[in-house]
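Notes follow the structure.
The values are calculated or read from the model by the stated rules, or taken from the named source; none is laboratory data. Worth saying up front: this structure is predicted, and the values here are computed from it rather than measured. FYI the Cβ positions are ideal-geometry reconstructions off the backbone, even for glycines, and counts take in every protein chain you see.
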Amino acid sequence: MPKKKPLIVRRVLALILAYVMLCVAGGVVASLFLAPGVLGMNRLTKAVVPSLKVEGIDFDVTSLPQKSRLYASDGKTVLASFYAQNRTVVPIKDISEPMRQAVVAREDRRFFEHSGVDVQGVLRAFIQTFVKKGDTQGGSSLTQQYVKNVLLIKARENNDPIGEYHASEDTIARKIREMLIAVQMEKKYSKMEILQGYLNIAQFGTDNLYGVETAARRYFNTSAKDLTIVQAATIAAITKNPAAFDPSIEQNQPEAQDQRNIVLDLMYQQGYITKGEHDKARNTPLKDTLNIQDNVTNVGCQAAGDAGFFCDYVTKQILNSPEFGKTETDRQKMLTEGGLDIYTTMDVRANAAAMQAARDTIPVGDPSGFEVSIAAIKPGTGEVLAFGSNRIYDATDAAKSDPTHTAINYAVDQKDGGGYGAGVGSTWKPINMVAWMLAGKSINTPLATSTRYSNSSFNCSRYGGIGVWSVQNSGGGTTSPESPLQGLVRSHNTTQASMAAQIGLCSIADAAKTLGYENSPLGHEDVYDLNSLNPPMTIGAVQASPLTMANVYATLGANGVECTPIAIKKVTDRTGKNVPVPKANCHQAISPEIAQTTAYALNQGVVTPGGEAATTQLDNGRKTFSKTGTNEDTYMTTAGFTPGQVAAFVSVGNMEVPKSFTGMTINGRSMGSWYGMYIATPAWKEFMNNYLNSAGIPPDNNYGNPAPQYMSAPAAAPRTQQSTPQRR
């Protein structure tokens, strides 16, 4: 608690003397000494009094800007740090005694004797500067230096360049203001509280490095509470000139050692250390004491390595979420100055497996130029587990000239820092099956199919079609009759069209939205947007991100429970208080019967030997639920899940401008025609196997039990035409 002190005569005299000395030193005719300062006192006082108001300025050390840290789901692995000033505030009890002694010896030897203004120090500075004509000296006490730093920070926080200028201008008014506030500070706070504030606010190096804890980590890989005499003296010397005395810069080290030795001399002279301690420390080469940690000064997602894409997604979630502030500016400030500990949902093992799978499928720099994007989510929780990419995260300008580097996470929607999305192909078709069952129909109902449909046959409240839609299967033609189950197993487009013609296009869109689907392009997210609400939607001609599609499959793998994807589990502020975070809002979107019947179709018909996605079968007999897809010849996809464990989606293509796969050589393999099963499926399977194995997640082979009411087989419709199906 702040300590109250009476305003004693000595303090008043100190202030008056300092005021007079500064009036003379500040440019009033020096040859006349004090007289002009006294004569001009009233006029000068009127000029500076307005600047002495300090209402609204909080000098509490806990209010200082502090860096925020981003953690993986294990709560230990630091992914990134964000800061306006690289600072970790620590209490005085967690700062070693040698460190406290070193800074007092160097900056303010009478700190524990004066009352905010060091009269002797001001007088000495005046004589040295103006009488002896020596080097300019300031005479500021530690309290005054703390005041100056706080005023500078507050001006920067308030985007007040004028206030920032006045906080550092070389004028009498600024010095007097600092003195008056320093006196007020010493009335309110104890010496240890003021020392604590200074040690946490001072700049201790380049690279935006502030506070003694960060300095200890940076230079010695230790904490402030464990700093030794020689380490403390090194750090205390830096504040005089951070650019010249920063010991992490090799050319600075000789001067940094000299400055350290000056601090050691002062500590010995002032009785803080013995001669033996002094001599031992002084004779120790500076270079031998350093243990420079570059990661301490790494900032933002640029320093997150392969977690960069996940880090970027988290920051976008923060900047887009009102829980972190009313405006984006407020949220940015909270991220960089709020001292937040942000615990994310990223599973380190999942992210490593996703990045590896993406780069094994198409290496970084492959001549084909195609991109691999992977998103993984935990069913029933909304927790995003990982992103994979065969690109290197790079938010610098250098990425503009290097196609292997990017800051765009193509696995997420545009609003979250992604791209426009890509066609998902046949991975959409389970959505049609869900819509069919929501209409109360059996998946074994024989349907008459065709290659031409009047668009008006898909009409519903939000869609009114004209003209004709010509639709074919992969190998051309159609199969009639064919049930929705067979249409999914064989991945026939014509059957999807027949289903939509019976239940209406809006039913398909409703089911998609219910399962968690939205379009990727900014401003067109709604599935009912005219850019997506058309018959080709039923065969995956949409613009979707891998994360959105992974979430759709997660709903199918969670007994019909849909959740909004989340990347943040918990956030605490600088005081340890919990900050509200975006919620997953998990709810029962479709019945467990519909979810499990769809899962049955994906496993028994699609994945089992001879099925369209048999190549997706996971290792060790693990029951697999998946679907492959091909959108024209420009995007290859695979989606699937293991129930309650992980759902993942893989998209392969040129994410900026669609580019044909036809005749391309990819990762040394040439093919005339590419399908999702040839390129996206190996990536999906590698990720799933490696993550499930590394995480030690046991199989759950009891999922996918169909509901009888959706399996009944009505009388067959008349057969009209048949062609040999080709798998996609």
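If the condition is being in contact (Cβ under 8 Å) with a residue 12 or more places away in the chain and either within 14 Å of the chain's Cα centre (by Cα) or over 16 Å from F309 (Cβ atoms) (or both), then region 386-402 contributes A386, F387, Y393, D394, A395. Go through the residues of region 69-84 one by one and say whether even a single one is within 26 Å of L266 (Cβ to Cβ) and at pLDDT below 85. Scanning region 69-84, I find no residue that is within 26 Å of L266 (Cβ to Cβ) and at pLDDT below 85, so the answer is no. A residue that is surrounded by fewer than 20 Cβ atoms within 10 Å (Cβ to Cβ) and at pLDDT 95 or above occurs somewhere in region 419-438.
Pick from I201, I292: which is in contact with a Gly (Cβ under 8 Å, 6 or more places away or on another chain) and either within 22 Å of R87 (Cα to Cα) or small (G, A, S) (or both)?
I201
Let's see how each residue does on (1) touching a helix residue (DSSP H, G or I) at 6+ places or on another chain (Cβ under 7 Å); (2) assigned to a strand (DSSP E or B); (3) closer than 30 Å to I342 by Cβ:
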site: K187; (1), (2), (3): no, no, no
site: Y198; (1), (2), (3): yes, no, yes
site: G205; (1), (2), (3): yes, no, yes
site: A216; (1), (2), (3): yes, no, yes
site: P247; (1), (2), (3): yes, no, no
site: Q251; (1), (2), (3): no, no, no
site: E255; (1), (2), (3): yes, no, no
site: L266; (1), (2), (3): yes, no, no
site: I273; (1), (2), (3): yes, no, no
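For region 334-386, a residue qualifies if it is more than 30 Å from Y210 (Cβ to Cβ), among the hydroxyl-bearing types (S, T, Y) and at pLDDT 95 or above, and the qualifying residues are T345, T361, S373, T381.
Residue check: is S373 surrounded by fewer than 17 Cβ atoms within 10 Å (Cβ to Cβ) and of a type outside the set (A, V, I, L, M)?
Criteria not met by S373.
For region 529-574, taking the residues that are modelled with pLDDT under 95 and under 30 Å from Q66 (Cβ atoms), the one that is surrounded by the most Cβ atoms within 10 Å (Cβ to Cβ) is identified as R574. So which residues in region 516-539 are farther than 17 Å from V412 by Cα and in contact with a strand residue (DSSP E or B) (Cβ under 6 Å, 6 or more places away or on another chain)? Within region 516-539, L533, P535 meet the criteria.
Within region 515-528, does at least one residue satisfy the condition of being surrounded by fewer than 20 Cβ atoms within 10 Å (Cβ to Cβ) and not in a loop (DSSP other than H, G, I, E, B)? No.
The set of residues in region 651-675 being under 25 Å from G640 (Cβ atoms), part of a strand (DSSP E or B) and without any contact (Cβ under 8 Å) to a residue 40 or more places away in the chain consists of R669 alone. As a summary of the residue check, S190 satisfies the conditions (1) at pLDDT 90 or above; (2) under 16 Å from P91 (Cα atoms) except for the one numbered (1). Restricted to region 90-184, the set of helices (runs of 4 or more DSSP H) holding at least 3 residues that are closer than 28 Å to Y219 by Cβ and at pLDDT 70 or above comprises 97-107, 142-157. Residues in region 372-382 that are farther than 15 Å from T642 by Cβ and in a strand (DSSP E or B) were compared, and the one that is farthest from the chain's Cα centre (by Cα) is V372. A residue that is more than 13 Å from the chain's Cα centre (by Cα), within 27 Å of Q645 (Cβ to Cβ) and crowded, with 18+ Cβ neighbours inside 10 Å cannot be found anywhere in region 314-332. You will find that of T514, T445, T478, the residue that is within 19 Å of T630 (Cβ to Cβ) and of a type in the set (V, I, T) is T478 and no other. For region 418-466, taking the residues that are of a type in the set (A, V, I, L, M, F, W, C) and more than 25 Å from N519 (Cα to Cα), the one that is farthest from the chain's Cα centre (by Cα) is identified as A448.
Of all residues in region 616-646, exactly one satisfies the criterion of being buried (at least 18 other Cβ atoms within 10 Å of the Cβ) and in a helix (DSSP H, G or I), namely T616.
Of all residues in region 678-728, which are acidic (D, E) and either more than 30 Å from A350 (Cβ to Cβ) or modelled with pLDDT under 95 (or both)?
Result: D700, single match.
Among the residues of this structure, P484 does not count as one that is surrounded by fewer than 23 Cβ atoms within 10 Å (Cβ to Cβ) and of a type outside the set (G, A, S).
Residue-by-condition table, conditions (1) over 22 Å from the mean Cα position of the chain (by Cα); (2) part of a helix (DSSP H, G or I); (3) in contact (Cβ under 8 Å) with a residue 12 or more places away in the chain:
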site: D279; (1), (2), (3): yes, yes, no
site: T284; (1), (2), (3): yes, no, yes
site: G308; (1), (2), (3): no, yes, yes
site: D312; (1), (2), (3): no, yes, yes
